[in-house]
Structures are given as C-alpha cells and as structure tokens.
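Participant: Can you read through this structure? Questions will come right after.
The values are calculated or read from the model by the stated rules, or taken from the named source; none is laboratory data. This one's a predicted model, so the numbers in the text were calculated from it and none came from an experiment. Don't worry about glycine lacking a Cβ; one is built from the backbone with ideal geometry, like all the others, and counts go over all protein chains shown.
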Amino acid sequence: MCPMKFCPNLSIVVLAIFMSFVQYNYAQNSSNFCGTEITDESLSYFQSFQDNIKLYEKEFAALTATARKSGANKNSTPTVLNSIPVKAHIIRPSDGNGGLSLKGLYDAIGDLNEIYADAYMEFFLCEEVNYIDNDDFYYEFSRSKEADLTADNYTHGVINIYFTQYVEVKPGVSLCGYSNTFGGSDVVVMNNGCGLNGTSLAHEIGHFFSLMHTHGPDNHALTTELVDGSNCDTDGDMICDTPADPGLGTDCVNNDCEYTGNLKDANGDVYTPDTKNIMSYSRSSCKSYFSEQQLARIYAFYKSARQYLSCPSANVNFTADNYQECGDELTVQFTDLSIGATSWQWDVDGDNVVDYTEQHPTHTYSEGIYDVTLTVSVGNLVYKNGDENESAPTGLISKTFSQVIKVGTHEDSSMNIGFDTFDFASSNGWSAIDVSGNGFNWLVNSGETISSDTGPMLDKTSGKTSGKYIYVEASGSKEGDVAEFISPCISVNEKNALLEFYYHMFGDNIGELHIDIETPNGYFDDVIAPLIGEQQTNQTEDFIAQSINLSRFYGQTINIHFRAVRGDGWAGDIAIDGISIKGNAVTQKGNDTPALKLFPNPVTDNILNIVSTSKKKNAEDYFTVSNLVGQVFLKGSLQDSRQINVSQLPKGSYLVTVVNGKNIEVKQFIK
C-alpha cells in the first residue's frame with residue numbers, strides 16, 4: 001500500500017489512476033491482510049463505552065505501574081490474569097482428513113497468551129474442539145457464508161474461532177482472516193497458515209477487543225492522522241503511541257523491517273510508521289508487539305464490554321448475601337457459583353493477595369470500595385500450552401468483579417443525579433450489577449444507543465445529545481436477564497419525601513422496569529407497579545416522569561434498586577435519568593451539614609483542596625485517599641489543613657473519603 005509519493009495537487013485523472021493502483025496492489029498482497037471491516041455501527045458501539053474505557057485505561061496504567069515497581073513482567077506479573085474462553089472450530093474437507101492439527105491449535109493459543117499477558121489476559125479452550133467436515137467451508141469460505149457456518153456451530157458467550165484453509169470477504173481475494181468487531185457476533189475466522197504465524201490471530205483478536213489497524217478504519221484510503229500527532233486521538237487508530245501509518249505492505253517494508261516509503265501527510269511531513277506493530281499491515285515476520293496504549297485499550301474494552309464472556313462448562317462466578325452497607329463495616333458471605341471448579345483462590349479486597357482458599361468464604365470489610373477476584377482450578381480443559389499428545393490438563397481460570405463491594409458510601413439526602421458527572425455506571429457510590437452474568441447491565445451513554453429504533457435520542461436533564469443518562473443495552477444478552485442499578489445509602493428524614501426519576505422505554509422488545517427499596521428491616525419488591533413493555537409511542541418522545549412516596553420509609557436509611565428485566569429481543573433498551581429526592585431534609589448532626597467540594601479537579605501542582613460547608617470541625621475529622629478498588633494510599637486529619645498533598649500518587653483516578661463527625665462523604669478526583 002505504499003506504491004508512490006502522495007501528491008495533494010494530482011489531477012483527478014491521475015488521482016483515479018493512483019487509487020486504482022492502490023486497490024490493485026491491495027488485491028495482489030491481500031493474502032497477508034485481514035478482512036475486518038470497521039463500520040459506522042461498530043464505531044458507534046465503541047463510542048458508547050468511551051467513559052468506561054477511559055476509566056479502565058487509567059486502571060490499567062495503575063496496574064502496570066505497580067508491576068514495574070515490583071520488577072514484574074508478563075511472565076511473573078503479580079496481577080491475576082482475566083481468563084477468556086475460546087471455542088475452537090476446526091474446518092476440514094468433507095472426508096474428515098486434514099485441517100489444523102491439535103498441536104497447531106495449542107501453539108496458536110500459546111502464542112496468544114504470550115502476547116496478551118501484558119494486557120492481563122489469558123485464553124483457554126472451552127470444551128472439546130468442534131470439527132466441521134465441509135468442502136465448501138474448507139476450500140472456499142466466504143464471509144457471506146458465515147450465517148450458514150454458525151447456524152449449527154456456535155457457542156454463545158465465548159470467542160468462536162474458526163480455522164479453515166481459505167478465507168475471503170470479497171470474491172476472489174484470499175485473506176488471513178477477519179473478526180466481527182464492536183458488538184457483532186463473537187466470531188473470528190482464520191486461515192490455517194496465518195493462524196500459526198504467531199501474530200495474525202493476535203491481530204484479529206485485537207480487533208475483537210476494539211483495536212483498529214494502525215493505518216485507521218479504511219483499508220483503501222490514506223490515513224488522515226498527522227505525523228506530528230496533533231489529531232492522534234481522533235484520527236487513524238485513535239491511539240497516540242502508535243505513529244501515523246500510511247498503510248504498510250511488503251512493497252514498502254524491507255526484510256530488515258525498515259519502512260522504505262516516502263509518503264507525506266497533509267502537512268508535508270514524511271510518515272515514520274511502526275513496522276513491528278501487530279495491528280499494522282507490515283510483513284508478518286516483522287510484527288511482534290502491541291503498544292502500551294493498545295494494551296490499555298484491549299484491557300479497558302474487555303472490562304467495559306466483554307466481561308460477559310464465560311465458558312458454559314467451566315466458568316467463574318459467585319454471589320454474595322450483601323454487596324453494600326451504609327455503616328462502616330460489612331460481613332459478606334460469598335457463595336461460589338463457578339462451574340467445573342475443584343479448588344478456589346479468593347482475593348476479596350483487590351490487593352492481589354489470596355485471602356481464602358475455601359469454596360464459600362466469609363469476610364468482614366471496613367469502609368471502602370472493593371474488587372473481588374476469584375481464581376478456580378478447572379479440570380477437563382485443554383488450554384494454554386498443551387501438546388498434541390496431552391489430554392485435557394487442569395488449568396486455572398480467573399475473573400475480577402470490579403467495585404462489587406461498597407461499604408460506607410452515602411448519597412446526600414436531597415439527592416439529584418443527572419449522570420453528567422458519571423464516568424461509568426458504578427460511580428459515585430452507585431452500583432451496576434449484571435445479575436444474570438450474560439452482559440446485560442447498566443451503562444452510561446449520551447445521544448442515541450447503539451441499537452436502532454430503541455432507546456432515547458438525548459438525555460432528559462440537559463435536553464442535549466451530549467448529556468448523559470443511564471440505560472440497559474438489550475443487544476447481546478438473553479431474554480429474562482436481570483440488571484440492577486443500586487443507589488448509595490440515603491437517609492429518609494421527612495415524612496413527605498418523594499423519589500422522582502424519568503424513564504424512556506421505546507422499542508418492540510421492551511422488557512420490564514421494577515423499583516425496589518432495601519432497608520435495614522427488609523427488602524420491598526415493586527414499591528410501585530412494574531413498568532412493563534413499551535411506554536413511549538415513538539423514539540423521539542420525551543422521558544416520562546415517575547414519583548414514589550417514601551413516607552413508609554421515614555426514619556430509615558434505604559438503598560433504591562432499579563431492576564431491569566430484558567425483553568425478547570435486541571430492540572429493548574431501557575433508560576433512566578434525573579433521579580432525585582424531593583422534600584427530604586439534609587441530615588443534620590448538630591449544626592453540621594456536610595457538603596464536600598474538591599478543587600482543582602483534575603489536580604494541578606499536586607495539591608487537592610477540600611471545601612466543606614460544615615459549620616464546625618469535629619475532633620475526629622479525617623480523610624483517606626484510595627484507588628477505585630479500595631486500596632488506601634493516604635490518610636490524615638483535616639483539623640489543621642484542608643489541603644492534601646498527592647505528589648506521591650501516580651496519575652489516575654482516586655476516591656477521597658471524608659469523615660465529618662458521623663457523616664461520611666466520598667468524592668472522586670483525577671490526578
């Protein structure tokens with residue numbers, strides 16, 4: 001794709017000849033290329049997770065910094081890897097002979113694990129290999145036949161990888177493979193030879209986890225990304241530590257992996273692409289790694305959009321008798337729900353240390369927000385680095401449940417939530433829980449949702465497409481799946497207090513929205529009649545207001561549960577916005593009315609200032625600074641100074657918890 005110098009002043013005729021030559025050159029070299037297509041729909045799906053992705057990219061940076069300080073690398077990292085299930089489908093001729101060997105398959109998985117360990121991920125083969133004996137799929141598979149291939153050969157909730165002899169997307173153009181990206185079915189198709197070259201499978205899996213080619217989303221046009229990096233986050237591959245790439249190929253990368261082209265960008269600067277990046281179109285023998293920001297993007301997209309991946313016969317899952325407590329201590333009884341597990345390792349507080357090895361442990365938490373990681377031993381798995389004569393070695397699979405335990409998180413009694421300050425659903429003391437474990441969960445969004453003909457067009461509180469609301473995405477989950485959105489602890493101090501919120505439920509497959517209230521004295525399902533089925537008559541119709549009398553909860557501390565039930569199809573997005581409590585007095589402790597503000601946020605010059613409208617200081621006033629998984633880095637008194645020096649903290653997102661008398665407030669800040 002580097003046939004000649006790009007000249008902006010070419011005539012239309014010469015430019016047409018140039019583009020024809022580019023496309024001819026592409027066809028001649030395409031056996032080494034991929035057929036993944038980045039569509040507008042897939043980009044919209046990716047954009048819908050942007051806030052979550054940014055947050056998890058910061059989490060990745062913090063994990064990487066910790067690993068570097070400890071001297072760890074991808075082969076000895078102290079951080080538990082997230083286990084990703086793969087269903088292998090080996091396509092053979094109709095007579096059942098040939099096809100990819102088991103040793104080749106195991107080597108391919110081993111190569112993946114070597115590369116993706118730096119993204120804190122590992123892949124394992126879920127259940128037995130599925131053999132498909134079909135001449136048509138083996139000798140001349142085209143993407144147009146994907147529906148026929150997957151009709152009887154597809155496992156939900158795992159990455160389905162199909163290995164075959166020939167792959168094409170456009171007629172007559174042989175390719176290495178392709179991936180369905182950003183919201184499509186969980187399918188990767190690989191040419192056998194490319195699957196064994198060490199990096200092409202990693203390339204397609206990179207697409208599956210949202211990476212684009214380093215030359216950008218269009219394989220047939222010169223990238224608009226500039227060499228000086230000034231638009232690196234919006235153009236090209238939207239990643240800033242991968243240099244602008246004009247589109248590589250064997251004609252402009254020599255055997256020493258040196259770029260020999262001389263194309264220039266719109267500013268007249270000569271491109272200097274990275275010929276060793278796995279997501280480029282460089283020579284296969286040159287490609288060997290992902291950049292650090294690519295690894296962060298892979299990790300963040302998995303945590304944001306792909307955590308539903310789970311092997312039906314071997315997976316990690318648990319439940320707990322309580323996830324949230326309004327006081328400063330919570331004892332949790334965990335119940336393991338993993339399938340196929342024979343031993344257990346629990347890290348219940350996010351410090352990468354195994355706390356328990358029994359199946360159903362009990363743990364007492366102090367104030368904070370915590371990740372829980374469960375690692376289990378599972379028999380009857382072929383995974384990691386087996387060989388052809390080795391049958392089903394036992395393996396470890398792991399999964400981290402982010403910010404699942406919250407202790408001491410409180411919301412102001414006169415709550416007014418518009419979601420514009422939310423980075424992701426489980427923010428600011430709120431909890432989003434995928435109860436069914438199939439990827440049906442609450443997400444923060446602005447503008448339209450990724451599915452057509454369902455969901456709102458804009459938010460309620462601002463009336464703008466840039467405003468944020470929260471919703472459940474029905475695509476990619478199952479009928480009857482449940483997702484809960486749970487409030488922090490709220491004190492009901494007035495008998496006439498009202499809960500108000502706005503909802504949008506438009507689409508042919510709308511399910512149900514239930515409002516439940518949890519109190520120290522019990523759990524109250526459906527405090528109003530459930531909202532079932534389509535409520536708006538068209539997509540552009542405004543959110544509908546709903547109010548709930550909280551008088552029966554006077555004098556109690558409550559948690560509000562918004563419980564969504566998925567309908568019978570993808571056109572079933574349910575959105576809520578503008579959650580508030582009216583007529584509820586702010587909790588008073590003497591003359592103390594807590595209202596905490598932080599500035600500057602993000603922090604500059606390493607000093608975070610705390611301002612409170614509290615009218616008196618208490619002798620026990622203090623603060624803690626923790627990361628988003630509850631690990632405390634700083635603590636101290638607020639009696640002498642209302643400034644916190646955060647110079648020792650690496651860049652990232654943190655929580656500051658301020659105890660003011662008997663009141664507790666938690667705020668998020670960024671350094």
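Participant: So if I check each of Ser477, Ser487, Ser551, which one is hydroxyl-bearing (Ser, Thr, Tyr) and either surrounded by fewer than 18 Cβ atoms within 10 Å (Cβ to Cβ) or modelled with pLDDT of 95 or more (or both)? Quick ask: steps written out before the conclusion?
Facilitator: Working: Ser477 fails: either surrounded by fewer than 18 Cβ atoms within 10 Å (Cβ to Cβ) or modelled with pLDDT of 95 or more (or both); Ser487 fails: either surrounded by fewer than 18 Cβ atoms within 10 Å (Cβ to Cβ) or modelled with pLDDT of 95 or more (or both).
None of the other options fit; the residue is Ser551.
Participant: Scanning for something closer than 24 Å to Cys240 by Cβ, among the β-branched types (Val, Ile, Thr) and at pLDDT 70 or above, does the range 62-75 turn up at least one residue?
Facilitator: yes
Participant: Conditions first: (1) over 22 Å from Leu330 (Cβ atoms); (2) modelled with pLDDT of 60 or more. Glu665 passes all but one, so which condition is the exception?
Facilitator: (1)
Participant: Of all residues in the range 457-493, how many are in contact with a Phe, Trp or Tyr (Cβ under 9 Å, 6 or more places away or on another chain), under 17 Å from Val444 (Cβ atoms), in a loop (DSSP other than H, G, I, E, B) and not β-branched (Val, Ile, Thr)?
Facilitator: Here the count works out to 9.
Participant: Separate question: Restricting to the range 325-360, name every residue that is closer than 24 Å to Gly408 by Cα and among the aromatic types (Phe, Trp, Tyr).
Facilitator: Once the filter is applied, which keeps residues that are closer than 24 Å to Gly408 by Cα and among the aromatic types (Phe, Trp, Tyr), the range 325-360 yields Phe334, Trp346, Tyr356.
Participant: Answer yes if at least one residue in the range 339-349 is within 21 Å of Glu484 (Cα to Cα), outside the structural domain of Leu125 (by TED's automatic domain parsing) and in contact with a Ser or Thr (Cβ under 7 Å, 6 or more places away or on another chain), and no otherwise. Reasoning before the result, please.
Facilitator: Step one: list which residues in the range 339-349 are within 21 Å of Glu484 (Cα to Cα), which gives none.
Looking through the range 339-349, none of the residues is within 21 Å of Glu484 (Cα to Cα), outside the structural domain of Leu125 (by TED's automatic domain parsing) and in contact with a Ser or Thr (Cβ under 7 Å, 6 or more places away or on another chain).
Participant: Identify, please: which residue in the range 224-252 is of a type in the set (Val, Ile, Thr) and touching a residue at least 40 places away in the same chain (Cβ under 8 Å) and is, among those, surrounded by the fewest Cβ atoms within 10 Å (Cβ to Cβ)? Step through it out loud before you land on a result.
Facilitator: Here is the first cut: in the range 224-252, the residues of a type in the set (Val, Ile, Thr) are 224, 227, 234, 239, 242, 250.
Filter once more, keeping what is touching a residue at least 40 places away in the same chain (Cβ under 8 Å): 224, 227, 239, 242, 250.
Details: Thr224: 14, Val227: 19, Ile239: 21, Thr242: 27, Thr250: 19.
Among those residues, the one meeting the criterion is Thr224.
Participant: Consider Lys671 against the criteria (1) within 29 Å of Val372 (Cα to Cα); (2) at pLDDT below 70; (3) in contact with a Leu (Cβ under 6 Å, 6 or more places away or on another chain); (4) not aliphatic (A, V, I, L, M): it satisfies all of them except one. Which criterion is unmet?
Facilitator: Lys671 satisfies all of (1) within 29 Å of Val372 (Cα to Cα); (2) at pLDDT below 70; (3) in contact with a Leu (Cβ under 6 Å, 6 or more places away or on another chain); (4) not aliphatic (A, V, I, L, M) except (2).
Participant: Something else: Are any residues in the range 133-166 in a helix (DSSP H, G or I), under 27 Å from Gly476 (Cβ atoms) and among the acidic types (Asp, Glu), and if so, which ones?
Facilitator: Hits for the range 133-166 are Glu146, Asp148.
Participant: Specify the residue that is nearest to Leu43 (Cα to Cα); the eligible residues are those in the range 229-277 that are under 30 Å from the mean Cα position of the chain (by Cα) and among the hydrophobic types (A, V, I, L, M, F, W, C).
Facilitator: Taking the range 229-277 and keeping what is under 30 Å from the mean Cα position of the chain (by Cα), we get 229-248, 273-277.
Those left that are additionally among the hydrophobic types (A, V, I, L, M, F, W, C): 232, 238-240, 244, 248.
Working: Cys232: 16, Met238: 11, Ile239: 14, Cys240: 18, Ala244: 19, Leu248: 23 Å.
So the residue we want is Met238.
Participant: Scan the range 591-622 residue by residue and report those that are closer than 15 Å to Thr657 by Cβ, part of a strand (DSSP E or B) and either at pLDDT below 70 or in contact with a Cys (Cβ under 8 Å, 6 or more places away or on another chain) (or both).
Facilitator: Leu596, Ser612, listed by residue number.
Participant: While we're looking at this one, here's another question. Which of the numbered conditions does Val22 fail, given that it passes all the others? Conditions: (1) surrounded by fewer than 18 Cβ atoms within 10 Å (Cβ to Cβ); (2) modelled with pLDDT under 50; (3) not in a loop (DSSP other than H, G, I, E, B).
Facilitator: (1)
Participant: Another question, if that's okay. Does the range 207-221 contain any residue that is over 18 Å from Phe46 (Cβ atoms), modelled with pLDDT under 95 and outside any helix (DSSP H, G or I)? Talk me through it step by step, then tell me what you get.
Facilitator: So the first thing to find is which residues in the range 207-221 are over 18 Å from Phe46 (Cβ atoms), and the list is 220-221.
Narrowing further to those that are modelled with pLDDT under 95: 220-221.
Still in the list and also outside any helix (DSSP H, G or I): 220-221.
Checked against the condition, which is being over 18 Å from Phe46 (Cβ atoms), modelled with pLDDT under 95 and outside any helix (DSSP H, G or I), the range 207-221 yields at least one hit.
Participant: Residues Tyr162, Tyr166: which one is under 17 Å from Ala108 (Cα atoms), in contact with a strand residue (DSSP E or B) (Cβ under 7 Å, 6 or more places away or on another chain) and among the hydroxyl-bearing types (Ser, Thr, Tyr)?
Facilitator: Result of the check over Tyr162, Tyr166: Tyr162.
Participant: Ok, one more. What about His207, is it surrounded by 19 or more Cβ atoms within 10 Å (Cβ to Cβ), in contact (Cβ under 8 Å) with a residue 60 or more places away in the chain and either assigned by TED's automatic domain parsing to the domain that holds Glu37 or not aliphatic (A, V, I, L, M) (or both)? Please lay out each step first, then the result.
Facilitator: On the way: surrounded by 19 or more Cβ atoms within 10 Å (Cβ to Cβ): yes; in contact (Cβ under 8 Å) with a residue 60 or more places away in the chain: yes; either assigned by TED's automatic domain parsing to the domain that holds Glu37 or not aliphatic (A, V, I, L, M) (or both): yes.
Against the criterion (surrounded by 19 or more Cβ atoms within 10 Å (Cβ to Cβ), in contact (Cβ under 8 Å) with a residue 60 or more places away in the chain and either assigned by TED's automatic domain parsing to the domain that holds Glu37 or not aliphatic (A, V, I, L, M) (or both)), His207 qualifies.
Participant: Return the residues of the range 439-474 that are under 14 Å from the mean Cα position of the chain (by Cα) and surrounded by fewer than 22 Cβ atoms within 10 Å (Cβ to Cβ); say none if nothing qualifies. Explain how you work it out, then say what you get.
Facilitator: Looking only at the range 439-474, we keep the residues that are under 14 Å from the mean Cα position of the chain (by Cα), and these are 439-445, 473.
Gly439 - this is the single residue of the range 439-474 that is under 14 Å from the mean Cα position of the chain (by Cα) and surrounded by fewer than 22 Cβ atoms within 10 Å (Cβ to Cβ).
Participant: Hey, Ser83 hits all of (1) modelled with pLDDT under 85; (2) assigned by TED's automatic domain parsing to the domain that holds Asp251; (3) not in a helix (DSSP H, G or I) but one; which does it fall short on?
Facilitator: (1)
Participant: To continue, here is another question. Any idea which of (1) closer than 30 Å to Leu309 by Cβ; (2) of a type outside the set (Gly, Ala, Ser); (3) in contact with a strand residue (DSSP E or B) (Cβ under 9 Å, 6 or more places away or on another chain) is the one Ile515 doesn't satisfy?
Facilitator: Ile515 satisfies all of (1) closer than 30 Å to Leu309 by Cβ; (2) of a type outside the set (Gly, Ala, Ser); (3) in contact with a strand residue (DSSP E or B) (Cβ under 9 Å, 6 or more places away or on another chain) except (1).
Participant: Just a yes or no: is a residue in the range 286-307 surrounded by 20 or more Cβ atoms within 10 Å (Cβ to Cβ) and in a strand (DSSP E or B)?
Facilitator: No, the range 286-307 contains no residue that is surrounded by 20 or more Cβ atoms within 10 Å (Cβ to Cβ) and in a strand (DSSP E or B).
Participant: Same structure again: Name the one entry in Ser366, Ser446 that is modelled with pLDDT of 90 or more and polar (S, T, N, Q).
Facilitator: Values: Ser446 fails: modelled with pLDDT of 90 or more.
None of the others qualify; the one that does is Ser366.
Participant: Something else: Can we say Glu534 is surrounded by fewer than 15 Cβ atoms within 10 Å (Cβ to Cβ), more than 21 Å from Gly439 (Cα to Cα) and at pLDDT 90 or above? Steps first, answer last, please.
Facilitator: Values: surrounded by fewer than 15 Cβ atoms within 10 Å (Cβ to Cβ): no; more than 21 Å from Gly439 (Cα to Cα): yes; at pLDDT 90 or above: yes.
So Glu534 fails the test.
Participant: Which count do you get for residues in the range 321-335 that are in contact (Cβ under 8 Å) with a residue 60 or more places away in the chain and surrounded by 19 or more Cβ atoms within 10 Å (Cβ to Cβ)? So that I can check it myself, show each step before the final result.
Facilitator: Kept after step one, since they are in contact (Cβ under 8 Å) with a residue 60 or more places away in the chain, are these residues of the range 321-335: 323-330, 332.
Adding the requirement that they be surrounded by 19 or more Cβ atoms within 10 Å (Cβ to Cβ) leaves 323-326, 330, 332.
Going through the range 321-335 one residue at a time, the tally reaches 6.
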